[in-house]
Amino acid sequence: MTSLPVFGFIGCGTITECTIEGILLDYNDESSKNLASKIIISKRSSERSSRLLEKYPNIIEICEKNQQIIDSSDILFLSTLPKDSKKIYGPLNFKEDQIICTFIASIGEDTIEDLVFPAKTVIRAVPVPPIRNRLSPTIICPGNEKIEEIFNLLGKAVVVNDMTELASLQSITGLMAPYYQFLNYLVKHLSTQYNVSEGNSLEFVNLFFHGLSMDAYNNINNNNTDFEQIVSESQTPGGLNEEAVETLMGNQWYDQLSPILGNLVARLTKTSVNKSSNNEDRNNNNNPE
């Protein structure tokens, strides 16, 4: 039986915590379905790392030094802020045969490949918070059998081989907070304008949009349909939905998404590819964080 890999995470923010919770959702010390033999995490964000250690003491290990995580991991996940990348990863020594899976959106002057040299396998992944419940569509670029296997168990791996396509899809993830704010507005509107109790407003809006999402998901996957057809079928002549969608379209409400998404794509692709970086000098720097 092939031994399970050791996962390492540098950075312990929200998406790291959600990913680890998804990995360990059905964790059992004796289960053959486990994805990793050990998960080593950095002490950054000590509240999250301590919470994970307390919840999963038999598989989580916290390391003080990032170099220790690199040295001990078979698959290494990078999940730090883009602006900190050069400071964090520049001094570290990576392994040539190590799989690097980066969640970092963009890092500026250097490419992530430059910073993790001499590692040869670098995969970009874009998980989203529902990964904690194994419901994340995770963009992967380029395809990699081991990384795809992990994220297919945590939802669905959406494989692309082009950074432009990755950025285009990733821009949609910038609509999470606007979507939640839309729902929040509806709850507050019902409560303040029509005196509906906040409890009933929250419960109804939450369940209503959950039901719509599940229904659309099942229709698209099982009935060979698409969103355009669902929009059409959700309206009746002279009905509430027809009035609302025509009003929104007449006010060009949906058209406002185009420049927003365009700006997000531009931001994601605003990386200067600097292949002239001196990897040898960096590789000789023995002062890892």
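Overview of values
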{"quantity": "Selected residue (only one of 111, 121 is modelled with pLDDT under 95, of a type outside the set (A, V, I, L, M, F, W, C) and closer than 27 Å to residue 67 by Cα)", "calculated": "111"}
{"quantity": "Residue among 173, 138 that alone is β-branched (Val, Ile, Thr), under 30 Å from residue 98 (Cβ atoms) and in contact (Cβ under 8 Å) with a residue 24 or more places away in the chain", "calculated": "173"}
{"quantity": "Residue match in the range 127-136 (condition: among the aliphatic types (A, V, I, L, M), buried (at least 19 other Cβ atoms within 10 Å of the Cβ) and within 14 Å of residue 8 (Cβ to Cβ))", "calculated": "no"}
{"quantity": "Criterion violated by residue 247 - all others in (1) open to solvent by less than 80 Å² (accessible area, probe 1.4 Å); (2) within 26 Å of the chain's Cα centre (by Cα) satisfied", "calculated": "(2)"}
{"quantity": "The listed residue being in a loop (DSSP other than H, G, I, E, B) and touching a residue at least 40 places away in the same chain (Cβ under 8 Å), out of 76, 35, 52", "calculated": "35"}
{"quantity": "Subset tally (residues that are in contact (Cβ under 8 Å) with a residue 60 or more places away in the chain and either touching a Lys or Arg at 6+ places or on another chain (Cβ under 6 Å) or open to solvent by less than 10 Å² (accessible area, probe 1.4 Å) (or both)) for the range 91-109", "calculated": "1"}
{"quantity": "Given (1) closer than 27 Å to residue 167 by Cα; (2) open to solvent by 20 Å² or more (accessible area, probe 1.4 Å); (3) without any contact (Cβ under 8 Å) to a residue 60 or more places away in the chain, index of the condition residue 119 fails", "calculated": "(2)"}
{"quantity": "Within the range 225-238, tally of residues that are over 27 Å from the mean Cα position of the chain (by Cα) and open to solvent by 90 Å² or more (accessible area, probe 1.4 Å)", "calculated": "2"}
{"quantity": "Filtered residues of the range 38-59 (kept if open to solvent by 10 Å² or more (accessible area, probe 1.4 Å), closer than 14 Å to residue 20 by Cβ and in contact with a strand residue (DSSP E or B) (Cβ under 6 Å, 6 or more places away or on another chain))", "calculated": "38, 53"}
{"quantity": "Residue identified as open to solvent by less than 80 Å² (accessible area, probe 1.4 Å), at pLDDT below 95, within 28 Å of residue 23 (Cα to Cα) and not β-branched (Val, Ile, Thr) among 157, 167, 177", "calculated": "167"}
{"quantity": "Test set (1) surrounded by fewer than 21 Cβ atoms within 10 Å (Cβ to Cβ); (2) of a type in the set (Gly, Ala, Ser); (3) at pLDDT 95 or above - residue 73 fails condition number", "calculated": "(1)"}
{"quantity": "Failed condition for residue 198, given (1) open to solvent by 60 Å² or more (accessible area, probe 1.4 Å); (2) out of contact with any Ser or Thr (no Cβ under 8 Å at 6 or more places or on another chain); (3) farther than 27 Å from residue 166 by Cβ", "calculated": "(2)"}
{"quantity": "Options 124, 132; residue that is in contact (Cβ under 8 Å) with a residue 12 or more places away in the chain, assigned to a strand (DSSP E or B) and of a type in the set (Lys, Arg)", "calculated": "124"}
{"quantity": "Those residues of the range 253-270 which are assigned to a loop (DSSP other than H, G, I, E, B), within 27 Å of residue 83 (Cβ to Cβ) and open to solvent by 80 Å² or more (accessible area, probe 1.4 Å), in sequence order", "calculated": "270"}
{"quantity": "Among residues of the range 153-166, those that are in a helix (DSSP H, G or I) and over 13 Å from the mean Cα position of the chain (by Cα), counted", "calculated": "4"}
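The values are calculated or read from the model by the stated rules, or taken from the named source; none is laboratory data. Everything numeric in this text was worked out from a predicted model, so none of it was measured. Reconstructed Cβ throughout: ideal geometry from the backbone, glycine too, with neighbour counts over all protein chains shown. Quick note on the areas: whole protein, heavy atoms, side chains included, nothing else; ligands and nucleic acids left out. Shrake-Rupley method; radii C 1.70, N 1.55, O 1.52, S 1.80 Å.
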